[in-house]
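Structure record follows, encoded as structure tokens.
The values are calculated or read from the model by the stated rules, or taken from the named source; none is laboratory data. These numbers come from a predicted model, not from an experiment. All Cβ positions, even for glycine, are placed from backbone atoms using ideal geometry, and neighbour counts span all protein chains on display. Just so you know, the surface numbers come from the protein's heavy atoms only, side chains and all, with ligands and any DNA or RNA stripped out. Shrake-Rupley method; radii C 1.70, N 1.55, O 1.52, S 1.80 Å.
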Amino acid sequence: MQAPLEDVTARDARERADQDSPLVLRGMTVAYDQKPAVFSVDATFRSGKISGIIGPNGAGKSTLLRAALGVVKPLAGRATFFGSTLARSRNRVAYVPQRASVDWDFPARVVDVVAQGLYRRLGLLGRFGREHDGMVMAALERVGMEDFASRQIGQLSGGQQQRVFLARALAQDARLYLLDEPFAGVDAATERAIIKVLKALRSEGGTVIAVHHDLSTVEEYFDEVLVMNVRKISAGPVETAFTPEALDIAYGGRLEPGMRVPQKEPA
Amino acid sequence: MNGADFVAFSLTPLLIGSLAALACALPGNFLVLRRQALVGDAISHVVLPGIVLAFLVTGTISTWPMLLGSAAAAIVAVVLIEAIRRFGRIEPGAAMGVVFTAMFAAGVLALEQSDTSGVHLDVEHALFGNLESLIWLDATGWESLLDPAALAGLPPELFRISLVTLAVVAGLAVFWRPLAISTFDEGFAKTLGLPVRAIGLGIVIASALAAVAAFDAVGSIIVIAMFICPPAAARLMTNRLGVQVAWSAVFALIAAVLGFTLAGSGPAWFGSENAVSAAGMVGTVAGVILACAALFGPARN
Amino acid sequence: MLRDALTFQLGYNATLVTVAAVLLGIAAGVTGTFLFLRKRALVSDAIAHATLPGIGLAFIMLTLSGHDGRYLPGLLAGSALTAMSGLFAVQWLSSRTRLSEDAAIGAVLSAYFSFGIVLLTVIQTMSTGQQAGLESFLLGSTAGMLLTDAILIALGGLLVVALVFLFRRPMSLVSFDPGFASTSGVRLDRIDLTMMGLVLAVTVVGLKVVGLILVVALLIIPPVTARFWTNRVELVVLLAGAFGGIAAWLGAGLSASAPDLPTGPLIVLVSFCIFAISMAFAPRRGLLSSLVRHRRFQTGVHIRQGLLAMAQGQPIYEPLTIRLLRGRGLARADGMPTREGTVRAARALRDEKRWEIARATPELELAAARYDGRTQIEDVLTADQIAEIDRRIGPPEAVQ
């Protein structure tokens, strides 16, 4: 059985796109207790864009991100970073975990946490010099937290903690930034500060992928979306993928009245 | 007490006790921060079966088989706990309770069954050690510290605990950054490419080595006091990791020195000539330090 | 000899010790279940170790007041007092300071135990002219147990079982769903205190038989074992009691059948054997059946994913998927479908479409939640429901 010619060129085009993409997911399936949290998700995230992973609670958005990064083990599927494996791309990938995933009672100051982002640069015993101090402070300035540098992390508000996490990722000086619910439970000022940083990263040629659940801000924040609920429902530019139909499937027709559903673009 | 008596009867137990307290308290910081304080409990209980196993295999009580046997027992315990927790879906506390009691029971049974009359190994010694017996009989005074013949008579436990303490301190210094990062945020540590599993296991192995080296001095249960009380008290003193570890070392040393001194001379103040258990007193002092830190520590809340 | 021991033929005293141990085992298993379900199993370890200073203090006070220091009820009363203060110390440390409960448990158990050891050495040097023998409380000792002691232990076990029976409803409620329990008028703190009181009672009663280091095993292992067999709280309680009783009976019997076989460790080891067998072979929650189920699930998901990819003309990247498809004659080595593979792929795609519709249909939502990546929709919905779905999908040629 020979595949038709068009199919071959289509496949070539896709493979070329995959090579350029900072993150490609193929057949990602993750199961907890024999219940798929993510099922067979394919996605190609485009370079230089801010992409959102959108879906209801329990849709497997965070799980997808964590599986791509190898934080949880997928049942099937694989993730390709910059056309290569994660192990070879670590210097180009920064991760901002969910704020609630760590114990903020840990004995550390803000600068100590941000300095963790320099680990791959410093290694085990590399001396933490003045230039590293400068990098930490620069990252803190970008998120507007320079005045909190020596504050104990347990004393920060939720929004401030989120900014510290973002500053740690900025200190990594990566090309691809993966953020897990960066806007969850933060104040309006923090939300504005974070999106400003993300847009700046994009204009510097970086790629941002964020798990997000607030539908009202999707069009404002993101260039592209992956709408999912366990499996992929739609993907692509916001205008074509963030449709009422896709959301209807994702949320099973249970969108709350207060939520703004985007208007379908006139054809 | 004159100099000669002090060097012969107090110097080595003091050194051994202090080093043991230090070797346990340092990894203990990470156990406490990782909410694995009771892994220290489990490890200290499985040191006994490890040593009994080493004895049954080699027929002697010597350093290397003991260290290996205990480290192996600790790894077996941790792997079993993890397997029960993950595959049996049992909460970690209960999984620990199942594993360490069973292994401890096996150790006691094997010990009762085997003929250990020729060697210095019995259940009570294993449970609360005998710090007072680790004396330096060849010493005649401070000058013995320069006398090779007398130095050769130093208790072998001193070398063992020195070695382990040195290894623990070196490991802590070299792996400080990965330890701190993976303890604070394991997911992030994974994305940096850090071997978080190996780091976790490394902490367990370091703790097991510290526990077995401290075993002679303070026995297998008071070791838990050394794992947990100084780091827990230190946590209540500061909000910085480095400072916490330093405090824990200070507290460990205070507990060891004060405990040993009180055990030796405390009863005399009450008109009794007999000393009480030094190991017990060290653990008690560690507990009192924690109580003070819990009441007055600047970072207690 | 073992048969004699197990059938209570070894004389009056040995029999009574075994009966006492069995009652203790049942009481511990039953009580420990609530502790385990509340996820506080190791609080019992702090309680157990905190009994030691109490034993020492009681001995000293009994002796100083001119009584026999080894008077068991007195020693047990003393141990209960310090155990209680240890329990409160754990609760105070974990609620009033930033220390977590596990650190509090470890600190309390080791500090109390250390102080207990100090007291034991004080007692050794007291000139009472008699061997105190308090070390037997560390690992337990049934050898030479007095008849009155055995009766005391048996009665204590019975009392605990009776109390658990009395409080079983609120305790089940609290350990199953603390939030719901407190909104339905159960005083959470009181029930917790009752539970801890019972744990304390079991510990104190068990000191003489298994010792303070191993008594936690009686409280923890049987409930964990029982959990593998059932999901229902009442059944876990009953099974844990049964496992605890059986372990105590076999352990005490084995110990009586030969010299140099200490009772406490044997009971614990028998209990652990029952646990190991349960964990390996229990249906549903056991290791073997989970493993088989996981493999089957993984295979199912891979095949399903492969079929869907084939149906949509997408390449399959996973070597494992291709291998599984080939093994079932659904694909060739290059990942292209066989004739049967094509048929099955179309069917899988159709099934997937049906699920999709089912999920978007409010009245089928519950059934649709049973989707797991390999269950066929025919197994969940009726033929009528499927026909309705198919009507909405449209004619089959829509599926390529």
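Numbers for the structure displayed
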quantity	calculated
Mean separation of Cα contacts under 8 Å (6+ apart) over length of the range C:256-400, as relative contact order %	17
Heavy-atom accessible surface of the range C:2-282: percent carbon and sulfur, 1.4 Å	69
Accessible area of the range C:288-393 belonging to carbon and sulfur atoms, whole % at 1.4 Å probe	53
Candidates C:Gly206, C:Gly251, C:Gly179, ranked by Gaussian network fluctuation over chain C, Cα under 10 Å, top entry	C:Gly179
Per residue value of the accessible surface for the protein assembly as shown (all protein chains in place, 1.4 Å probe), Å²	41
Net charge dipole size for chain C [Lys, Arg +1 and Asp, Glu -1 on Cβ; Debye, nearest 20]	980
Helix axis angle, A:188-203 relative to chain A longest principal axis, alpha carbon, degrees	70
Lys, Arg +1 and Asp, Glu -1 on Cβ, resulting dipole of the range B:70-171 about Cα centre, debye, nearest 20	720
Solvent-accessible ranking of C:Trp355, B:Trp64, largest area first, probe 1.4 Å	B:Trp64, C:Trp355
At least 40 Å² accessible surface lost relative to isolated chain, residues of the range C:136-160 (1.4 Å probe)	C:Leu139
Residue (of B:Leu48, B:Met96, B:Leu127) at the positive-pole extreme of the range B:3-218, dipole from beta-carbon charges	B:Met96
Label zone at A:Arg120, where the point sits 7 Å out along the Cα-to-Cβ direction: the range A:162-197 residues whose backbone N lies under 20 Å	A:164-181
Net charge over other residues, Cβ less than 15 angstrom from the Cβ of C:Arg70 (K, R count +1; D, E count -1)	-2
Residues of the range B:223-241 buried by at least 40 Å² on assembly (accessible area, 1.4 Å probe, chain alone as reference)	B:Arg235, B:Asn239, B:Arg240
Cα-projected label distance for C:Arg296 with C:Asp379, points at 7 Å along beta-carbon direction, nm	0.8
Tilt relative to chain B, helix B:92-113 - C-alpha long axis, 0 to 90 degrees, to 10	40
Share antiparallel - DSSP beta bridges, chain A, percent rounded to 5	55
The range C:288-393 shape via C-alpha gyration tensor axes, a/c threshold 1.5	oblate
Under 12 Å, Cβ to Cβ, from C:Gly156 - net charge with Lys/Arg +1 and Asp/Glu -1	0
Summed buried accessible surface, chains C and B, 1.4 Å probe, nearest 100 Å²	4600
The range B:3-218 - Rg (one decimal) and Dmax (whole number), Cα, Å	18.9, 61
Label-point gap, in nm, between C:Phe176 and B:Asp138 - each point 7 angstrom along Cα→Cβ	7.0
For A:Arg92, net neighbour charge (Lys/Arg +1, Asp/Glu -1) across residues whose Cβ lies under 12 Å away	+3
Chain pair B, A: total accessible area buried, heavy atoms, 1.4 Å probe, Å²	2500
Rg/Rg_globular for the range A:108-267, with Rg_globular taken as 2.2 N^0.38 Å and Rg from C-alpha atoms	1.21
Rg to Rh, two decimals, where the protein assembly as shown supplies the alpha carbon set and Rh follows Kirkwood	1.02
Chain A, accessible surface, carbon-and-sulfur percent (1.4 angstrom probe)	48
222 nm mean residue ellipticity, helices alone, for chain A (DSSP H n ≥ 4; -39,500 (n - 2.57); rounded to 500)	-10000 deg cm²/dmol
Exercise: per-residue mean of other protein chain Cβ atoms within 10 Å, B:287-296	4
For chain C, calculated [θ]222 nm from helices alone, where every DSSP H run of n ≥ 4 adds -39500 (n - 2.57)	-24000 deg cm²/dmol
Unit charges at the beta carbon, dipole of the protein assembly as shown: most positive-side option, C:Ala28, C:Ala201, A:Ala241	A:Ala241
Dipole in debye (nearest 20) - the protein assembly as shown, about Cα centre, beta carbon charges: Lys, Arg +1; Asp, Glu -1	2440
Percentage of interatomic Cα-Cα distances in the range A:66-174 larger than 23 Å	34
Of B:Thr58, B:Ala217, B:Gly287, farthest towards positive along the dipole that unit charges on Lys, Arg, Asp, Glu beta carbons give chain B	B:Gly287
Intensity falloff of the range C:2-282 expressed as log10 I(q)/I(0), Debye formula with alpha-carbon point scatterers, at q = 0.07, 0.10 Å⁻¹	-0.25, -0.51
Angle in degrees between helix B:278-296 and the longest Cα principal axis of chain B, rounded to the nearest 10	50
